[in-house]
Structures are given as structure tokens and as C-alpha cells.
1. Working only within segment 318-330, note down all residues that are within 25 Å of ASP231 (Cα to Cα) and open to solvent by 20 Å² or more (accessible area, probe 1.4 Å).
2. Name the residue that is nearest to SER504 (Cα to Cα), counting only residues in segment 462-471 that are away from ligand 1 (no atom under 15 Å from the Cβ) and open to solvent by 20 Å² or more (accessible area, probe 1.4 Å).
3. Is it true that VAL68 is under 49 Å from the mean Cα position of the chain (by Cα) and of a type in the set (Val, Ile, Thr)?
4. So which residues in segment 397-440 are more than 9 Å from ligand 1 (Cβ to nearest atom), surrounded by fewer than 16 Cβ atoms within 10 Å (Cβ to Cβ) and not in a strand (DSSP E or B), if there are any at all?
5. Would you check which residues across segment 121-165 are more than 30 Å from MET177 (Cβ to Cβ) and small (Gly, Ala, Ser) and list them?
6. Just give me the residues in segment 264-315 being at positive phi and without any contact (Cβ under 8 Å) to a residue 60 or more places away in the chain, in sequence order.
7. Yes or no: ALA446 in the same structural domain as ARG634 (by TED's automatic domain parsing) and away from ligand 1 (no atom under 11 Å from the Cβ)?
8. Could you count how many residues in segment 403-443 are free of Cβ contacts under 8 Å to residues at least 24 places away in the same chain and either within 14 Å of ligand 2 (Cβ to nearest atom) or more than 28 Å from ARG634 (Cα to Cα) (or both)?
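The values are calculated or read from the model by the stated rules, or taken from the named source; none is laboratory data. Computed from a prediction, not measured in an experiment: that's the story for all the values here. Quick reminder, even Gly has a Cβ in these numbers, built from the backbone with ideal geometry, and neighbours come from all protein chains shown. Protein only, heavy atoms only, side chains kept; ligands, DNA and RNA dropped before computing areas. Shrake-Rupley method; radii C 1.70, N 1.55, O 1.52, S 1.80 Å.
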Amino acid sequence: MFNWNYDFAGVALCINCVLLFFYKRNHVVPLRQHNYFSGLIYAELLMALTDILSSMALDAGNRTSLFVKYLSLSVFFSMYVGCLLLLFLYTKSLCDYHSVRQYPLFSFFYLPAGAVIGLYLSNPFTGLVYFIDPVIGYTAGPLYEIFAALTLYYSFLSLVLTAIVHKRMTKEQLLTMHVVWTIVIVGALVRLFMPEQLMVSLIMTLCTIIIFINLENPDLYWNRMTGLFNDLSFTEVIQKSMYSNKRISVICIGIKNYDEFKMSYDSVAVSLLRKEIAKAMNDIMDCQSIYYLGHGRFAILFIGDDDHLGDAEMAYDRFRRPWIFESDRGRTISVYINASVAYLPASTNITSGGQLRDVIASKLMDMARQDISGLKIIDEKAMQKQIYISRVEAILDKALELDNIEVWYQPIYDRKTGRIIAAEALSRLHDDQLGYIRPDVFIPLAEITGAITILGSRVLEKTCDFIRRQGLAEMGIEYIEVNLSPAQCRDENLAVKMLEVIESHGVSPGMINLEVTESTVEDMNQLKQQIRILHDAGVGFSLDDYGVGYSNLVKIFALPFSLVKLDKTVVWSYFNNENKILEDLLAMFQKNGLQVVAEGVETELMAEKLNELGCDFQQGFWYSEALPDKDFVRYVRDFNGNEK
Ligand code: G
Ligand code: G
Ligand code: MN
């Protein structure tokens, strides 16, 4: 006779009831892992219950029928096996292992559990695992240890699986599952040697709690305030749909004036607006799930082949009407929201969840930047572009790490002397497969990722090294123009660091001209100080790309620019006879003591006319494209030796 201890199983029963209540209250994204997890809670609940029932029935001796004893014991053991299987399937769903449809593997996964459950259910007739002796009571049969063997089997299978595909799991997932399986093995040993303690369901429950805290916590997947799923669940759902070959279509909505909205209202109002938008979308269409991707961007995901373009149109239409909701202080807010809506049809090929999220973000950002209100389709081309950008991002990171960024120099011609007296340093990124990648692609990328800080200082270092090594000053080169990105200017130690680089290379600061675009001038206030330090040390400043922004001329003249570079579009519009602005700009800047560089000079005609107009400097393909350092030196020697 055993002296059963009901405490542990009783606690397990209570905990599983509580877990079930709270887990089921929350929304879950349609991921298989969540189904396995709730299945696990149910199985544990039943296991704890039958553990108690069967022990009570055994205790009661002849007062309960043999049938009740056998039934409750068989259900208990079967539920234990069920837990093992669900835990294994849960592990498998985490690592996206979807080859289950391959028949041989299928039998590896399910057959052992199925066979053992069959064994337990048929035990009342065979007595192979245990039997109930009229005198001694509960007695182990010849196959009693089978549950321990099965535990080892599934632990081992999980271990193998996570070892094979560990790259698809996060560190947290790996750690959690390894801990969980260790505990499961301990539980089986306890059952084997101390069956009277009824501890196994509590030990299983412990595993569930660990998973709940680390991997199934609803707050990891959705926002309580708005009831919207987050971008983590978005990428995971897409990832899983891809692995199981399901097609998806997505309606993406971006609030265009989101930043303004955030500045004008408190965070509660912002949350309420998000909630309101989600509610409206749910009313318009049968949303399977709505995700909030951050920065005022929503994604409505549909799994399956159906077309939802009509829904996307209706979603866009809704933004023609105002959004009305109560603020936290009970004030009624009514606002018009400008939205960009993009639609990704189910036919589009997707490579990864994260990539799709990036495509959506960049598409909506592009639409907002170009002020496109309306509906756009995200097609294969947009996906390809994003794939290319991600590739460039990786190449750039690697190039910075290996210090592989090249700097080329485009000559600048001086009207007064008829010689090349300066150059613009332009960075070049080389990849074995993609060839030379244009700065128009990687500079904006570096500005977003922050890599521009390192890139900028590398370019300056290389330029200084070149000036010193080649003795550019002796060759008649008066200065080199180096582009300074607005993003670099956020560093308040920029000036000091740059001067350090210049001086450590033994270069006179006067040999460096920093090119700043108008956009930098816009948020110049805190940077005036930086410019002042550099300028006082002798570094020159040029205003780059003049004519393509919206300049505040008062601000420009207040800064120590000595040069203005007219953007090539301004120059070209003059030579295309579109306007005569060039002449007036020249006069205006020169009258205010600034010298002017014309960019994009491509023909002899342009070069001659610009000289005639009195434009101080010229830069463009007529003279030369940007050249690698040795070619540049040769070009300058040739040019300055025998005048063009
Ligand atoms: O060479 P071109 O295609 O080469 O250059 C495209 C743009 O990239 C230009 O507007 C130029 O100002 C910018 N650019 C090139 N090199 C650098 C660099 O080192 N730093 C910054 N900030 N911009 C650069
Ligand atoms: O924006 P930034 O001023 O830094 O411009 C330099 C860019 O202009 C580089 O991309 C350079 O390759 C390009 N560029 C320079 N000269 C010419 C030209 O004559 N024609 C064209 N189309 N591009 C030019
Ligand atoms: Mn430039």
C-alpha cells in the first residue's frame, strides 16, 4: 500500500486552472506554438486530476470499482504521454521544423507516443504496465518503466532537433527549452522512484510556468492598451506561414503626419487613435489579425490565396473621414489623418518576415516622403529592391570592419588659372559580386543605420593620408572637398575629432573644405559651435547641392561658407533653356562674397559658357569622373601640364 501525498498534484491542479484562465483571456496570434501550449495546459490539468482521482480510488480499496481505478490510471498515464508529445511539438514549432509531412519523420514524432498511449489504454486487459492485485493493490507490470523510456526518447529528439536548427531559435527559446526538458527528465525519475509523492504533474506544470514567463507571455506579442499585436508577432507569423508554404497578403497603413500627431497629443490619445483605427478596420473587413509595426504603421495580415485589394481600397477610403475619440480627460478629439496605404498581394514571393516588415516600412516611408496619398501595390520589384538594400547594408558593415571603403577624387576646375585646383572626395564601395555600389544607395543607408559616423571619419582619414602622401599642395591642389552628412553633425565632439584626424596626418586644416547640404543648415543651431571651431582652425566650408532644397538664405549668409556648389539640376536647367536662374544665382552669391562651383558640367559648350559667365569653378564629367587616387594624380599632372 502506498501512502499517497496529494499536496503536489493539488497545487498543480490549481496552477493549471489559473494559467488556463489567464492564457485564454488574452488574444493570441495564429501560431501553432500557441495551440500546442494551450493543449499542454489542458493535458496537465487532466493529468493532475486523474493523478488525484486514481490515488483516491486506490486508497478506497474495495469501495471503488476496478473499472474506475483502471480508467483513471490509464487516463493519467496517457495524459503524461500527451504532455511529452505536446512539449515536443511545442519545441518543434519554435524551430520552424516543418518536414512533418515527410512520412518517415512523421512516424518518428508521433508513433512512439501513439503506441505507448495504446499500451496504457489496453493495459486493463493486458496488465503489461501495471495491474491491480486484489490483495497487494497497485503493482508494477513488466513494462512499468516505459514512461521513463519515452521521456528520454522525446528529450533526446528535442535535443537533436534544436541542435540541428538552433539558428532558427532565439537564445531565450533555446535556454528555456533546454531547462524545461531537463526538468521533465527529473520529473520522470521522481515518478520512477517516489511514485507515492504524486509530483509529476507539478513538475510538468513548472515547465509550463517557465514557458509561460519566457516565451508565451502575452505582453511579448501584443499591446494591452490597444489590443494590437506587435511587430515581433508579425515577423513570426509570416515566418511560420512561409515554412508551411502558406501564401499571405497584407494591407499596410502608414499615418503620414504621425510625428506631428504625437507632438500635438498625449500618449493616451495616440494609443486611442491606434485603437480606433484598428476598430474601424475590423468593421470594414474581416481582419484575421492587425499588427502595429511602430511609427504609425499598421499591417493587416491575411493568410490564404484570396485577394484583398478591395479591402485595401475601403481601408484607404475610411481616412477621408475624421477620427473621433475621447481623450483621457474626457475631451472629444476629432482629427483628419493622412494615410498611405500599400497592398501586398498573395502572389508576391517573400523571403523572410523581417524582410517583409522592412519592405513595408520603406514603402510607407517612401510614400510619405513623396507625399503620395492613396493606394500602392507592393510588388516583386519592391521586394527585390529591399533585398538589394539589405545586401548592401551587410557589404557596408563588412567594408567598414575591414576598412575597405575606397575614396575617389573628382577634379574641380578653376576659371582664373585654367587649372585643376581642387577635388571632391567621393566614397566608393566595392563588392566582388555587385561591383561598385553607388553612394546614392549606401550613404542614405549609412545615415539611417548610424554607420555614417565611422564612414565619415574613414573618408576624412583617407583623404588626409592622400593629401600628405602625394604632396597634393605641391601639385597645385589647394583643397579637397569632403562631404559632411547631417547625420554626422549630431555628434557634439565632431569638430574636435575631425581636427585630431587632420592634424595627426600633418595636413594643414586649410586643405580641407567640408561640404554641407542645405538640410544640415536647417538644424544648424547646436552645430554653429562645431562649425565655428573648425572654421577658426582653418577648415573651409562649402554649401553643397544648392538649388534642390528650400534654403533660408539669411541662415546661409550667417554661416562661414566660402563656396556654394550649384546643383547639377540648376546648371542643366540653364543649358536646357528652361530658365536663366543660374546667371542670377551667380551674381547674388558673388555679390555677397561667395565663390561659386557649377556641378554637372558635361560638355565643352557648358564649360566655355560657364567661363564666360564668370563662374569661379567647375566640376563634371567634361573634366573627369571621380578617379582612384593614382589616376587622379596622373590626370592633374596631365591637365595642369598642358592646358585643355
Ligand atoms: O559619386 P556620386 O555618385 O558619386 O555621389 C553621390 C552622392 O553621394 C553625392 O551627393 C555625394 O555627396 C555623396 N557622397 C559620396 N561620398 C560621400 C561621403 O564620403 N560622405 C557623404 N556624406 N556623402 C558622400
Ligand atoms: O551631391 P554631390 O554634390 O556630392 O554630387 C557629386 C555627385 O555628382 C557624384 O555622384 C558625381 O558622380 C556626380 N557628378 C559629378 N559630375 C557629374 C556630371 O557631369 N554629370 C553627372 N550626371 N553627374 C555628375
Ligand atoms: Mn558633394
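1. ARG318 - this is the single residue of segment 318-330 that is within 25 Å of ASP231 (Cα to Cα) and open to solvent by 20 Å² or more (accessible area, probe 1.4 Å).
2. ARG468
3. Judged against the criteria, VAL68 is not a match.
4. ASP397, LYS398, GLU401, LEU402, ASP403, ASN404, LYS416, THR417, GLY418, ASP432, GLN433, LEU434
5. Scanning segment 121-165 gives SER122, GLY127, GLY137, ALA140, GLY141.
6. GLY296, GLY304
7. Against the criterion (in the same structural domain as ARG634 (by TED's automatic domain parsing) and away from ligand 1 (no atom under 11 Å from the Cβ)), ALA446 does not qualify.
8. Total satisfying the criteria: 5.
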